[in-house]
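Colleague: Following this message is one structure expressed as structure tokens.
The values are calculated or read from the model by the stated rules, or taken from the named source; none is laboratory data. Keep in mind that this is a model prediction, so the values were computed, not measured. Cβ placement follows ideal geometry from the backbone for every residue including glycine, while neighbour counts extend to all protein chains displayed.
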Amino acid sequence: MSNDIMAVDPGWAWAPFEPSAEQPWNRRRAAHLCRRAGFGATSEELDRIVKTDPTDFVASVIRQATAAAQIDPAADALATAMLATGNSKNLAAWWLYRMLNSQWPGDNAPSHSPLLEKLALFWHGHFATGADKVDDVEMMFDQNRLLRRHAVGDLGTMVLEISRNPAMLVYLDSATNRKAHPNENFAREIMELFCLGEGNYSERDIQELARCFTGWEVRRNSFRFNRFQHDTGSKSILGETGAFGGEEGIAVVLKQKALPRFIVGKLIRFFMFDEPSAPEQLVEPLAQLLRRSDLQIGPVIERILASNLFHSSFAVGRKVRSPVELGIGLLRCLHGSSNLELVARGLDEIGQAVFYPPNVKGWDGGRSWINTSTLLGRSNLVGEILRHDKTRFAGQSLESLATRYGVASPPKLIEWLDELFLAAPLGTRAKQELVEFAAQTSGNSSRRIAELIHTLSTVPQFHLA
Amino acid sequence: MKRRRQSVLTTLFCGLLWSTFYSGAASAQPGLQSEERSALDLLPPGCVAVVEIAHPDQLLTTLTEHAVWKKILKQPEYHAAVSNPGYLMFLGIRTHIETQIGMSWREAYDTVLGGGVTIAFDQETQGVVTLIRSRDAGKLQSAAKKLIELGRQDAKFKGKDPLPEVDYRGITVYGKDDGRFAIVGPWLVMVNKNKLGQKLIDTLLDGSVDSVSDNKQFANARTTISGEPTVWGWFDVSTVRDAGLAKGLEKNQTPNPAVELLAGGVLTNIRQTPYITAALYVSPESTRLQLAAPHKAEWVEEFREYWFGPDGSGAAEPPLETDSTILSLSTYRKVSDMWLRAGDLFDERINDQLAKADANLTTLFSGKDFGEDILGSFSPHLQLIVNRQNFENVFPKPAIRLPSFALAGRLESAEETRTELRRTFQSFVGFLNVIGAMEGNPQLDQDIEIHRDNKIYTATFVLEPSEKTSERAKIQFNFSPTLAFADDRFFIASTKQLAKDLVDASHGEQRTERAASNTVARLDTEKLGQVLDDNREHLIAQNMIKEGHDRGEAERQIHILLELLSLLREVSFDVRTTDGLLKLELAIQTQK
């Protein structure tokens, strides 16, 4: 197999991963899958997952996410209580709670789906909307419900609904759109950021699409069509002409060949590797799959997660952990629970406050997660979470957790953590240095384990997903 | 430092056990002069703090037979706690010791501590002494030998003698450095300073010429005791103050207006009073803590007269309460004087903030001086009332159900000030509407109602059609700001219902009947529990987010919180000046 992604055979790349003696389906591979499709897995979950066929497991993850998408979080008592406070920061803690308490398919009764939470986070970054500007927790929550509803479903419906979503319209200054002055802002983002990407439309297309959206307004926090402000004239968008309304305008955009390529490119970047951009020959088969399946997202995700490429060196350890993946992943893998307001604040400090993306482009991701200030901040956050008096591991101390898994001695503990957290294994020398560090650390056993994990978080591999 | 403290504790604990079983042997000591004297007759005259528990055995009986303790025993969490291995190991050790000494731990406790426990601080030696009088030394003698054997056997394994011995005038003194004890007749003497220990043994053997009982202040303080307190304490504040050990008391100022309003007068008194006594009364029905300190009207600085009233005669009115009242607080405070005297009471930072607030409030009140004209029109009798809101037949029901609250008072010149207050209230609501409109919040609809022939000025949030039947409405729907008048009374309430209830409560009230208290407060814990229960779902959610619990754990914790609260009936607080004393009482009434 070539080391050049540009030379990878698409047929091999998207074929289902078949475990072999050289590439066994083991805990480390399962951990890689769980980090990418969710926020990691506990040691027990990994033991359970490796007993199933990888393709079957991915299929069950997709089924779980599809079923979970039909459950309206408005019925969630925790969400209701957080909404009652009227504060979007509390809503962020609610979402982190869902991420942390999601479970992989298995014997237990289904709870929150890790993949659904991960996809909701992807779409939140894609259709970026910030609570600081929207300033209404109910609207932000409604948008989150929308993203969940369609996260593994129909892309077309999601784009149409997001276009009429009050939070989105407020965020893009499109709460009023009069025929005398069509607001091009929203039309531009539909083409550039949401559906087609740069180079696949003209300025004229934007102006014409903006005319389609005239009369689309937000009143009393709800979408309203003001027929008196709608431009009923003929429009020409992307080669099609007609007296289009907003829905028809979006339908024209959704028909573009660039749409599936653009979306698949982003999905590959989100799930597989930050750099380089996926080459066209790898994007095209999945773009065709997306189009063939009438823009259903689930089959594309399933193909990605079950593929040879996903389990190859082109994907493993080729992503920088986002702050949410870092913080929630830390707790998730260690059966942890903590004060999630503290975690949400910590994530904000290192660059990812959910419900507060930096701008309409969302988070840049990749290498941008790490700079001189966030690198220290990421490690500090790990230490702060581990040492916080509300942090518990399976309801107990780190010492109890290590005893439970029979990894109380430093060498065993380091091996265990290495497999659980790291995409690229530590070298022998690094492991030996950690063992020596553990021997020098003072304090009780839990404290020493916390210090060891904190030190592990300063190793570059810890920051790769 | 920590190790040293552990050493003291270990020594004290060993001493306690040792005395339990060995005090009988000491009764044979020569020249003993201790049998008939109380602990207070033994303490040096230089003691500046004394705490006395007259009947520790009765205290333990009260606690272990208390309804609260019995309810705790029934909780599953208690059963879980006593089933853990650490506790079971402790029980095993306890049973072993009980078997060896031939009596239960409770019998041993009653025998050793039954004569009382007294703890004191001696200023001369800077030492702390604990005097424990055992009730029946002879009964313990045989058991003592067993316990000593156990102690010595344990020490063999550890290689150290936990109780090194020295002899002082024929008395064996155990321990070392900063923690020693000795048995003298029925007394167990524990000290942290050698010199203090020697003083006490001398007194026990030779008889005392002078003791803390001869201290005039102390003797005066003893006369103020009412009933038989479970725990009683005396603190010589003047000596501590004169020694410059209480720097904080030298300041006139309090950190913020809320502390000043609540405790400014107490601070004034502590700066002058010679001593403070504390008495704790524990009974099956209640627990009361009474603090008392001598008080003279001439001690009150001019700038704190607002707190005590002229010649210290300021008395709060009886609290206004309704059937739904959770908390009532009634005080005597001439807030206008406090506002105008702020320069003497607070630091520069607070004064700057108050000056800004004064300017803004003066503008709000159409140029009338806020301190002089507006607050000056209030009589010193102010009350805060907090009620549980009943949302049973009310829509919309807020998702978070807050209690309503009101400030109640009287107007010095009612006719003139009513108009000013009404106009300001309506302007303020208008101002809120402008801000609310800018932020897309619901608007307040102003109205005037007549209730018992009194005008009440209301403001209620305008409902969206979708909100009219909502059971999870926004937090704003807890409020309907209202201003009401009844004769010379005014009520500024967070809800219309509370304003009406308070008008009803004040109707036909006898004004002349006033409590003798300067401040009186009552918290109805049953109603507080109901408010928490109204918001149970929200409390559970907060617990899940902040404590990281799953739903089941969070539900259990909130259940325990509410169960513990249900064990109480009410908490009350009272401050008064009477019989030359400033008295504070905190009382907790429990369920029987």
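Colleague: Run down B:Glu439, B:Glu420, B:Glu372 and say which single residue is out of contact with any Phe, Trp or Tyr (no Cβ under 8 Å at 6 or more places or on another chain) and away from every other protein chain (no Cβ under 14 Å). Steps first, please.
Modeller: Numbers: B:Glu439 fails: away from every other protein chain (no Cβ under 14 Å); B:Glu420 fails: out of contact with any Phe, Trp or Tyr (no Cβ under 8 Å at 6 or more places or on another chain).
Answer to the check: B:Glu372.
Colleague: A further question on this structure: Identify all residues within region A:422-433 that are surrounded by 14 or more Cβ atoms within 10 Å (Cβ to Cβ) and either of a type in the set (Val, Ile, Thr) or over 24 Å from A:Lys319 (Cα atoms) (or both); write none if there are none.
Modeller: If the condition is that a residue be surrounded by 14 or more Cβ atoms within 10 Å (Cβ to Cβ) and either of a type in the set (Val, Ile, Thr) or over 24 Å from A:Lys319 (Cα atoms) (or both), then A:Glu433 is the only one that fits.
Colleague: So if I check each of A:Phe39, A:Phe57, which one is within 19 Å of A:Gly327 (Cβ to Cβ), crowded, with 21+ Cβ neighbours inside 10 Å, at pLDDT 95 or above and more than 14 Å from every other protein chain (Cβ to nearest Cβ)?
Modeller: Details: A:Phe57 fails: within 19 Å of A:Gly327 (Cβ to Cβ).
Of A:Phe39, A:Phe57, the one residue that is within 19 Å of A:Gly327 (Cβ to Cβ), crowded, with 21+ Cβ neighbours inside 10 Å, at pLDDT 95 or above and more than 14 Å from every other protein chain (Cβ to nearest Cβ) is A:Phe39.
Colleague: To continue, here is another question. List, please: which pairs have Cβ atoms under 6 Å, are six or more places apart or on different chains, and start with a residue in region A:51-67 that is closer than 15 Å to A:Ile301 by Cβ and end with one that is among the polar types (S, T, N, Q) and assigned to a loop (DSSP other than H, G, I, E, B)?
Modeller: Final answer for the pair search is A:Gln64/A:Ser113; A:Ala65/A:Ser113.
Colleague: Run A:Val343 past the list (1) part of a helix (DSSP H, G or I); (2) within 30 Å of A:Gln23 (Cα to Cα); (3) not small (Gly, Ala, Ser) and report the number of the one that doesn't hold.
Modeller: So the condition that A:Val343 fails would be (2).
Colleague: Could you tell me which of the residues A:Ala67, A:Ala77 is more than 14 Å from chain B (Cβ to nearest Cβ), of a type outside the set (Lys, Arg) and surrounded by fewer than 22 Cβ atoms within 10 Å (Cβ to Cβ)?
Modeller: A:Ala67
Colleague: Identify all residues within region B:513-555 that are under 15 Å from B:Ala399 (Cβ atoms) and in a loop (DSSP other than H, G, I, E, B); write none if there are none.
Modeller: B:Asn535
Colleague: Is it the case that B:Phe405 is under 39 Å from the mean Cα position of the chain (by Cα) and either free of Cβ contacts under 8 Å to residues at least 60 places away in the same chain or part of a strand (DSSP E or B) (or both)?
Modeller: Against the criterion (under 39 Å from the mean Cα position of the chain (by Cα) and either free of Cβ contacts under 8 Å to residues at least 60 places away in the same chain or part of a strand (DSSP E or B) (or both)), B:Phe405 qualifies.
Colleague: Would you kindly identify the strands (runs of 3 or more DSSP E) lying entirely within region A:180-283 that contain at least 2 residues that are touching a residue at least 12 places away in the same chain (Cβ under 8 Å) and not assigned by TED's automatic domain parsing to the domain that holds A:Glu161?
Modeller: So the answer is none; nothing clears 2.
Colleague: Can I ask one more? I'd like the residue in region B:544-564 that is under 26 Å from A:His388 (Cβ atoms) and under 26 Å from the mean Cα position of the chain (by Cα) and, out of all such residues, is farthest from the other protein chains (Cβ to nearest Cβ).
Modeller: So the first thing to find is which residues in region B:544-564 are under 26 Å from A:His388 (Cβ atoms), and the list is B:544-561, B:564.
Those left that are additionally under 26 Å from the mean Cα position of the chain (by Cα): B:557-561, B:564.
Values: B:Gln557: 12, B:Ile558: 12, B:His559: 16, B:Ile560: 16, B:Leu561: 16, B:Leu564: 21 Å.
Step by step, filter region B:544-564, then rank; the result is B:Leu564.
Colleague: Moving on to the next point. What helices (runs of 4 or more DSSP H) lie completely within region A:1-61 and have 3 or more residues being of a type outside the set (A, V, I, L, M, F, W, C)? Walk me through it before giving the result.
Modeller: Details: elements: A:10-14, A:27-37, A:43-49.
Per the criteria, A:27-37, A:43-49.
Colleague: Could you give me the residue pairs with C-beta distances under 6 Å whose first residue belongs to region B:487-501 and is in contact (Cβ under 8 Å) with a residue 12 or more places away in the chain, whose second residue is surrounded by fewer than 24 Cβ atoms within 10 Å (Cβ to Cβ) and in a helix (DSSP H, G or I) wherever it lies, and which are 6+ apart or on separate chains?
Modeller: B:Asp488/B:Ala414; B:Arg489/B:Ser506
Colleague: Here are B:Leu567, B:Leu498: which of them is more than 14 Å from chain A (Cβ to nearest Cβ) and farther than 27 Å from B:Lys397 by Cβ?
Modeller: Among B:Leu567, B:Leu498, only B:Leu567 is more than 14 Å from chain A (Cβ to nearest Cβ) and farther than 27 Å from B:Lys397 by Cβ.
Colleague: So B:Ser480 clears everything in (1) within 14 Å of another protein chain (Cβ to nearest Cβ); (2) part of a loop (DSSP other than H, G, I, E, B); (3) modelled with pLDDT of 90 or more except one condition, right? Which one?
Modeller: Of (1) within 14 Å of another protein chain (Cβ to nearest Cβ); (2) part of a loop (DSSP other than H, G, I, E, B); (3) modelled with pLDDT of 90 or more, only one is false for B:Ser480: (1).
Colleague: Separate question: Tell me, please, whether a residue that is over 25 Å from A:Ile385 (Cα atoms), outside the structural domain of A:Leu417 (by TED's automatic domain parsing) and crowded, with 17+ Cβ neighbours inside 10 Å can be found in region A:94-106.
Modeller: yes
Colleague: Shifting gears a bit: Looking at region A:85-106 only, could you name the residues that are facing chain B (nearest Cβ under 9 Å) and either at pLDDT 90 or above or within 21 Å of A:Gly336 (Cβ to Cβ) (or both)?
Modeller: Selection gives A:Asn90, A:Ala93, A:Trp94, A:Leu96, A:Tyr97, A:Leu100, A:Asn101.
Rundown of residues vs (1) over 26 Å from A:Leu96 (Cβ atoms); (2) at pLDDT below 95, yes/no style:
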| site | (1), (2) |
| --- | --- |
| A:Asn3 | yes, yes |
| A:Gly11 | yes, no |
| A:Phe17 | yes, no |
| A:Arg35 | no, no |
| A:Arg63 | no, no |
| A:Thr66 | no, no |
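Colleague: Still on this structure, please answer the following. For B:Thr469, state whether it is surrounded by 15 or more Cβ atoms within 10 Å (Cβ to Cβ) and more than 14 Å from every other protein chain (Cβ to nearest Cβ).
Modeller: When the stated conditions are applied, B:Thr469 does not pass them.
Colleague: Taking the condition touching a residue at least 24 places away in the same chain (Cβ under 8 Å), within 14 Å of another protein chain (Cβ to nearest Cβ) and among the polar types (S, T, N, Q), does A:Ser337 pass?
Modeller: yes
A quick yes/no check of all residues on (1) farther than 28 Å from B:Asn478 by Cβ; (2) part of a helix (DSSP H, G or I); (3) hydroxyl-bearing (Ser, Thr, Tyr):
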{"site": "B:Asp344", "(1), (2), (3)": "yes, yes, no"}
{"site": "B:Ile350", "(1), (2), (3)": "yes, yes, no"}
{"site": "B:Leu361", "(1), (2), (3)": "no, yes, no"}
{"site": "B:Glu372", "(1), (2), (3)": "yes, yes, no"}
{"site": "B:Arg410", "(1), (2), (3)": "no, no, no"}
{"site": "B:Arg418", "(1), (2), (3)": "no, yes, no"}
{"site": "B:Gly430", "(1), (2), (3)": "no, yes, no"}
{"site": "B:Ile435", "(1), (2), (3)": "no, yes, no"}
{"site": "B:Ile448", "(1), (2), (3)": "no, no, no"}
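Colleague: State which residue is surrounded by the most Cβ atoms within 10 Å (Cβ to Cβ) when the search covers only region B:164-178 and only residues that are in contact with a Lys or Arg (Cβ under 9 Å, 6 or more places away or on another chain) and in contact (Cβ under 8 Å) with a residue 40 or more places away in the chain. Outline the logic, then answer.
Modeller: Let us first name the residues in region B:164-178 that are in contact with a Lys or Arg (Cβ under 9 Å, 6 or more places away or on another chain), namely B:164, B:166, B:173-174, B:177-178.
Of the ones still in play, those that are also in contact (Cβ under 8 Å) with a residue 40 or more places away in the chain are B:174, B:177-178.
Numbers: B:Tyr174: 22, B:Asp177: 12, B:Asp178: 15.
Across region B:164-178, the extreme among qualifying residues is B:Tyr174.
Colleague: Another question, if that's okay. Take the residues in region B:442-466 that are of a type in the set (A, V, I, L, M) and away from every other protein chain (no Cβ under 14 Å); name whichever of them is nearest to A:Ala75 (Cα to Cα).
Modeller: Looking at residues that are of a type in the set (A, V, I, L, M) and away from every other protein chain (no Cβ under 14 Å), I get B:Leu444.
Colleague: What do you reckon, is A:Val253 within 32 Å of the chain's Cα centre (by Cα), within 14 Å of chain B (Cβ to nearest Cβ) and buried (at least 19 other Cβ atoms within 10 Å of the Cβ)?
Modeller: Judged against the criteria, A:Val253 is not a match.
Colleague: While we're on this one: Give region B:269-300 a look and list any residue that's buried (at least 20 other Cβ atoms within 10 Å of the Cβ) and either without any contact (Cβ under 8 Å) to a residue 40 or more places away in the chain or among the aromatic types (Phe, Trp, Tyr) (or both), or say none.
Modeller: B:Tyr275, B:Val300
Each row is one residue, and each column tells you yes or no for (1) of a type in the set (A, V, I, L, M, F, W, C); (2) crowded, with 23+ Cβ neighbours inside 10 Å; (3) assigned by TED's automatic domain parsing to the domain that holds A:Leu420; (4) at positive phi.
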{"position": "A:Asp294", "(1), (2), (3), (4)": "no, no, no, yes"}
{"position": "A:Phe310", "(1), (2), (3), (4)": "yes, yes, no, no"}
{"position": "A:Ser313", "(1), (2), (3), (4)": "no, no, no, no"}
{"position": "A:Asn339", "(1), (2), (3), (4)": "no, no, yes, no"}
{"position": "A:Leu342", "(1), (2), (3), (4)": "yes, no, yes, no"}
{"position": "A:Arg345", "(1), (2), (3), (4)": "no, no, yes, no"}
{"position": "A:Gly362", "(1), (2), (3), (4)": "no, no, yes, yes"}
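Colleague: Can B:Asp534 be described as among the charged types (D, E, K, R) and within 14 Å of another protein chain (Cβ to nearest Cβ)?
Modeller: Here the answer is yes, as B:Asp534 does meet what is asked.
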